[in-house]
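Every number in this text was worked out from the coordinates using simple rules, so none of it is lab data. Keep in mind that what you see is a predicted model, and the values were worked out from it rather than measured. Virtual Cβ from ideal backbone geometry, glycine too; neighbours counted across all protein chains shown.
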Amino acid sequence: MSEQIIPKTICLHWYADPGHSWLAVPRWLADQVPNWEPSVFSHKSSKRYFLEEDDDAPRFLQALRQHRPGIVIGKLETHTNEDSFVRALPCC
């Protein structure tokens, strides 16, 4: 698969439930950022990684900013009072 150009501005989605939250990152984007790997505490789907909030998400964002200096990262947030669907996805 050829690499997509990482835009100057990107919007990423946070999913949260009462116990935890995850940053949803498109796999095409995550696969282009060097020097990071998701841990077993994160989850994945066929198109996204769902990076756990405590370690993987901050490490990814730091690596992304180093790889693409000046990138502007917006965020959307979705919270549920039930268990998030993310918990049912396979771990990385």
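If you build the Cα gyration tensor of region 25-88 and take the root of 5 times each eigenvalue, what three semi-axes come out, in whole angstrom, biggest first?
21, 14, 11
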Is it possible to state the helix-based mean residue ellipticity at 222 nm for the chain, with each DSSP H run of 4+ residues giving -39500 (n - 2.57), the sum divided by total residues, to the nearest 500 deg cm²/dmol? What is it?
-4500 deg cm²/dmol
Could you work out how far the C-alpha centroid of region 16-33 sits from that of region 65-92, in angstrom?
3 Å
Count neighbours as other Cβ atoms within 10 Å of each site's Cβ, and list the GluC sites (Glu not before Pro) in the chain that are DSSP loop with at most 12 such neighbours.
3, 82
Place a label point 7 angstrom from the Cα of residue 8 along the Cα-to-Cβ direction, then list the residues of region 59-85 whose backbone nitrogen is under 11 Å away.
70-72
Loop-only trypsin sites (Lys or Arg not before Pro) in the chain, please: DSSP not H, G, I, E or B, and at most 16 other Cβ atoms within 10 Å.
8, 47
